[in-house]
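Okay, structure first, notes after.
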Amino acid sequence: MEEIKLPISIVYISYNEERIIGKSLSVVSNIAKEIILVDSFSTDKTVEIAKEYGAKVYLEEWKGYINQKNSALEKCTQPWILALDCDEVPDEELLKSIAVAIKNNERFGYLIRRKTFYLGRLMRRSWQPDWKLRLVRRDCNPRWEGIEPHDKLIVDVPTKKLRGTLIHYPYENTLMHFQKTIKYANMSAQSYYALGRRASLFKIIFNPFFAFVRAYVLNFGFVDGVRGLVAALSGFISTFLKYLFLWEIELNEAKRK
């Protein structure tokens, strides 16, 4: 008997995601009528893997996270949309919650709790709380906004929380983790400068400290042991580098004048 799939478009953007995208697609391909992938000309097997799971693949030059994700949204044809990163995998409880929400067909956006799998274990308190708006009705004007690389999905209706968890597999190892930390800190600094934000000695010295205390102490990151310490330190380093890079941009711009 043929399985009845939900009237939902699963949407991704990608570039060289062969490490993990198959894990996500193997789950969502069982429930979705449509899978959309906007790829930025990957040089690995990302596109090949996506096509194996029936995804509609579109090749587009990189336009930044926000514009790329909005381009992907425009290609969805189903009444409901589930926006995922290539390294995110819904658990069974979340899949059931999604099915119930679609059946009820109410005009809400749905927040999903994301937890990170890091160095062989699911983190309990680190990188929490992490609720993401991901399940939306296409007729509720979903769009990505925010600043690079911290985009945010927006809808014109109220939101509710779904039961279940979106498991996040962002880093293969600590080298990959801190390479991304540096990359995103630099991108954030450029976005801050474009918005008119500026660095200061106070921000360079104290904001990283506040970020560490919030992650490790106030949010109980210490419960995750060494992993929690690494997560909190990555927040410290990210914040320090963000304002240091911002200060450097200001310095270079002043030299050009």
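The values are calculated or read from the model by the stated rules, or taken from the named source; none is laboratory data. Every value quoted in this text rests on a predicted model; they were computed, and no experiment measured them. Every residue, glycine among them, receives a Cβ derived from its backbone with ideal geometry; neighbour counts consider all protein chains shown.
Could you pull out the residue among 171, 243, 184 that is under 30 Å from residue 142 (Cβ atoms), of a type outside the set (A, V, I, L, M, F, W, C) and crowded, with 17+ Cβ neighbours inside 10 Å? Even if it seems obvious, please write down each step before you answer.
Working: 243 fails: under 30 Å from residue 142 (Cβ atoms); 184 fails: crowded, with 17+ Cβ neighbours inside 10 Å.
The unique qualifying residue is 171.
Out of curiosity, is residue 27 in a strand (DSSP E or B), touching a helix residue (DSSP H, G or I) at 6+ places or on another chain (Cβ under 9 Å) and of a type in the set (A, V, I, L, M)?
Working: in a strand (DSSP E or B): no; touching a helix residue (DSSP H, G or I) at 6+ places or on another chain (Cβ under 9 Å): yes; of a type in the set (A, V, I, L, M): yes.
No.
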- Residue among 206, 222 that alone is in contact with a helix residue (DSSP H, G or I) (Cβ under 8 Å, 6 or more places away or on another chain) and either closer than 25 Å to residue 120 by Cβ or assigned to a helix (DSSP H, G or I) (or both): 222
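Can you tell which of 106, 17 is surrounded by fewer than 20 Cβ atoms within 10 Å (Cβ to Cβ), of a type outside the set (A, V, I, L, M) and part of a loop (DSSP other than H, G, I, E, B)?
Details: 17 fails: surrounded by fewer than 20 Cβ atoms within 10 Å (Cβ to Cβ).
Unique residue meeting the criteria: 106.
To keep it simple, each residue is scored yes or no on (1) part of a helix (DSSP H, G or I); (2) at pLDDT below 95.
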position: 1; (1), (2): no, yes
position: 13; (1), (2): no, no
position: 22; (1), (2): yes, no
position: 38; (1), (2): no, no
position: 71; (1), (2): yes, no
position: 77; (1), (2): no, no
position: 89; (1), (2): no, no
position: 97; (1), (2): yes, no
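Out of 167, 147, which single residue is at pLDDT below 95 and in contact with a Leu (Cβ under 8 Å, 6 or more places away or on another chain)? Before you say what the answer is, go through the steps one by one.
Values: 167 fails: at pLDDT below 95.
Residue meeting the stated conditions: 147.
In the set 252, 186, which member is within 23 Å of the chain's Cα centre (by Cα), in a helix (DSSP H, G or I), outside the structural domain of residue 127 (by TED's automatic domain parsing) and farther than 15 Å from residue 127 by Cβ?
Values: 252 fails: within 23 Å of the chain's Cα centre (by Cα).
Of 252, 186, the one residue that is within 23 Å of the chain's Cα centre (by Cα), in a helix (DSSP H, G or I), outside the structural domain of residue 127 (by TED's automatic domain parsing) and farther than 15 Å from residue 127 by Cβ is 186.
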- Message: So in the stretch 40-59, with the set limited to residues that are out of contact with any helix residue (DSSP H, G or I) (no Cβ under 6 Å at 6 or more places or on another chain) and in a strand (DSSP E or B), which one is surrounded by the fewest Cβ atoms within 10 Å (Cβ to Cβ)?
- Response: 59
